[in-house]
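Working notes for the structure below.
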Amino acid sequence: MIPSPRRTAMLLVGCVVLGTGVAMLLAADLGSDGYSTLVNGLALTTGAAFWIVNLVVGAVFVTMAMLRKVIPGIGTVVQVVLVGVVVDVALGLMATPDDVLWRIVLLVAAFPVLAIGIALYLGSHSGAGPAEAAALAWDPPVAFRWTYSVVQGGGALGGWLLGATVGAGTLAVILLLGPAVDLTARMMRVDLHQTTDPEHEEAA
């Protein structure tokens, strides 16, 4: 289903903001998110290109989420493609600071950007990206703020065991990003859960 103009705007703006936050996280060079760490570890182990492994892992995560009734939508595809493009462009405009203090500042600044981006695009109810879909698949019974931490933590652990590196940024994502997204969604009064009820879509 094609989302309404309002929800389309939420999806597109959210993905741009999310991509900017991811680029900030990567530019800080203090460790990537757990999902990317898993993809990187698999790429290192198999010798396959990062983008190919990313597509395969994403498809697996989305398929597993479907088994828990989290149905993908147009937003699932837009999130993967648009966030990737924004990250690539933004990284070309950013440079990793030489001073570790400024790298920490960049890392801290990335969190509200990431939280707003995720809350906006999920609030469009047009479909969740791989990591968020996997987390939403278990909410209920466990709240998203904790399931997201489990997904990121599991990805980081798996990636680390496969040879990828982790850092302070990775730990920060695991511990803080889920609760930050939950708090941001409450402040913005958006529901992170994805609905497949057309009447609910119209009513909203």
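For the chain, which whole percent of the accessible surface, found with a 1.4 angstrom probe, sits on carbon and sulfur atoms?
Reported share for carbon and sulfur atoms: 71 percent.
Count Lys and Arg as plus one, Asp and Glu as minus one, and take only other residues whose Cβ is under 15 Å from that of Val181; the net charge is then -2.
Below 8 Å, C-alpha to C-alpha, sequence gap of six or more: please give me the relative contact order for segment 103-173 in percent.
With pairs under 8 Å counted, the relative contact order is 21 percent.
Once each of the trypsin sites (Lys or Arg not before Pro) sitting in a DSSP loop with at most 14 other beta-carbon atoms within 10 Å is removed, the chain keeps 70-188 as its longest stretch. Normalised by the number of residues in segment 1-105, the average gap of Cα pairs under 8 Å and 6 or more apart makes the relative contact order 50 percent.
Kindly express, to the nearest 10 degrees and within the range 0 to 90, the angle between helix 5-28's C-alpha long axis and the longest C-alpha principal axis of the chain. Taking the Cα atoms of the chain, the angle to 5-28 is about 10 degrees. Each Lys and Arg contributes +1 and each Asp and Glu -1, all at the Cβ; summed about the Cα centre of segment 30-137, the dipole is approximately 380 debye. Quick check: from the Cα gyration tensor, does segment 1-152 come out rounded (a/c under 1.5), prolate or oblate? Taking the square roots of the gyration eigenvalues as a ≥ b ≥ c, segment 1-152 is prolate. A 1.4 Å probe run over the chain, with the rest of the protein chains in place, finds 50 Å² accessible per residue. Counting Lys and Arg as +1 and Asp and Glu as -1, what is the net charge of the other residues whose Cβ lies under 15 Å from the Cβ of Leu25? For residues surrounding Leu25, the net value is -2. Across the chain, Cα pairs under 8 Å and at least six residues apart give a relative contact order of 37 percent.
The values are calculated or read from the model by the stated rules, or taken from the named source; none is laboratory data. Note that this is a predicted model, so its numbers are computed, not measured. With ideal geometry, Cβ positions are generated from the backbone for all residues, glycine too; neighbour counts draw on all protein chains shown. Note: areas computed on protein heavy atoms with side chains; ligands, DNA, RNA excluded. Shrake-Rupley method; radii C 1.70, N 1.55, O 1.52, S 1.80 Å.
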